[in-house]
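Colleague: Handing you a structure now.
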Amino acid sequence: MTRKVTKAIFPVAGLGTRFLPATKSVPKEIMTLVDKPLVQYAIDEAREAGIKEFIFVTSRGKGALEDYFDKAPQLERSLEEKGKTDLLDILKATNMESGEIAYTRQHEALGLGHAVWCARRLIGPDEPFAVMLPDDVIASEKSCLAQMIEAYEETGGSMVAAMEVAPEATKSYGVLDVKSTKGRVNDVAGMVEKPALGTAPSNLAVIGRYVLAPTVLENLSTIKPGAGGELQLTDAIAQEITDGRKVYGFEFDGRRYDCGSKAGYLQATVAFALSNPELRDEFAHYLDGVINHKMAAE
Ligand code: UTP
């Protein structure tokens, strides 16, 4: 029997340099897809997976992110007075209960592994926990994290979300060395962070959803900086395998958008606009026009 996963860590302390100059003052996680900030997609996915405590690892300049989760009484009153109940419902759906959200700080951007380690005191010694990177947005029928927790309840160990990428893209990801596969679950023999071109053990890449055993936090205290001189979460998870514990790669059902990159963010914007009932027709018509115009010009 696995212990229930009720806490998720959201590491949001990165510098977001790929979106400069915007990220000079706007946290990347507050950037919107249509009308919802990236972080709200992650929160909604976590809630659907049964997460009750939301732990944010933040840094200097992320104040707007903390404000986003506060109640907005003045705005609520104004919408109430004007009878704008639809908007009021949208607003209220983003409210967090007092105490269900916690913030800790990463004082220096020393890598994803280090950011997760900063939350170590908020996770109990025997408690499995989730890690979610809000810049990976996953469009799926069933919440990706919910799919993973369901699988984790069968397997135990630690579980990372995995997806196939083109061989030339493996150098940008943590990549799995797979021992055996059963359905969506891959038994993992090893993990390599950002392997040099041509050396990846497979084309199954790790993306930003994890369900981790508490021992991963202990590993983070002892591992040395890895790829890029950063403390790598991948290395701390790979340590589990070295220590004889199980790690699984879960091939989720859904489509992941890398909203930490400009191209991925734009693709997600188009996809979410086209799946929005209010926008779909007008936006599809506009895109048609753009594409036809471009083809005619070529
Ligand atoms: P990224 O690799 O996307 O880095 O981090 P970044 O700083 O956010 O963005 P770029 O590359 O400079 O454009 C992946 C996730 O890990 C978090 C980020 O906030 C993001 O959610 N992270 C990364 C930290 O919390 N701390 C770090 O030191 C590094």
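Here, each number is a calculation from the coordinates, and none is a lab measurement. Just so we're clear, the structure is a prediction, and the values are computed from it rather than from any experiment. Cβ atoms come from the backbone with ideal geometry, glycine included; neighbour counts cover every protein chain shown.
Colleague: How many residues, within the range 101-116, are near the ligand (Cβ under 10 Å from one of its atoms), within 8 Å of S59 (Cβ to Cβ) and in contact with a strand residue (DSSP E or B) (Cβ under 7 Å, 6 or more places away or on another chain)?
Modeller: Within the range 101-116, residues that are near the ligand (Cβ under 10 Å from one of its atoms), within 8 Å of S59 (Cβ to Cβ) and in contact with a strand residue (DSSP E or B) (Cβ under 7 Å, 6 or more places away or on another chain) number 1.
Colleague: Say whether the condition of being surrounded by 13 or more Cβ atoms within 10 Å (Cβ to Cβ), of a type outside the set (K, R) and within 12 Å of the ligand (Cβ to nearest atom) is met by at least one residue in the range 73-87.
Modeller: Checked against the condition, which is being surrounded by 13 or more Cβ atoms within 10 Å (Cβ to Cβ), of a type outside the set (K, R) and within 12 Å of the ligand (Cβ to nearest atom), the range 73-87 yields no hits at all.
Colleague: Looking at this structure, is A161 closer than 23 Å to R245 by Cα, more than 16 Å from the ligand (Cβ to nearest atom) and either surrounded by fewer than 16 Cβ atoms within 10 Å (Cβ to Cβ) or in contact (Cβ under 8 Å) with a residue 12 or more places away in the chain (or both)?
Modeller: no
Colleague: Oh, and also: Where residues in the range 1-25 are in a loop (DSSP other than H, G, I, E, B), more than 12 Å from the ligand (Cβ to nearest atom) and touching a Phe, Trp or Tyr at 6+ places or on another chain (Cβ under 8 Å), which of them is farthest from Y68 (Cα to Cα)?
Modeller: T2
Let's see how each residue does on (1) part of a helix (DSSP H, G or I); (2) within 16 Å of the ligand (Cβ to nearest atom); (3) hydrophobic (A, V, I, L, M, F, W, C):
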| site | (1), (2), (3) |
| --- | --- |
| A200 | no, no, yes |
| R209 | no, yes, no |
| E218 | yes, no, no |
| I237 | yes, yes, yes |
| G244 | no, no, no |
| D253 | no, no, no |
| F272 | yes, no, yes |
| F283 | yes, no, yes |
| K294 | yes, no, no |
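Colleague: Whether any residue in the range 125-146 is of a type outside the set (D, E), part of a helix (DSSP H, G or I), away from the ligand (no atom under 15 Å from the Cβ) and surrounded by fewer than 23 Cβ atoms within 10 Å (Cβ to Cβ) is what I want to check.
Modeller: yes
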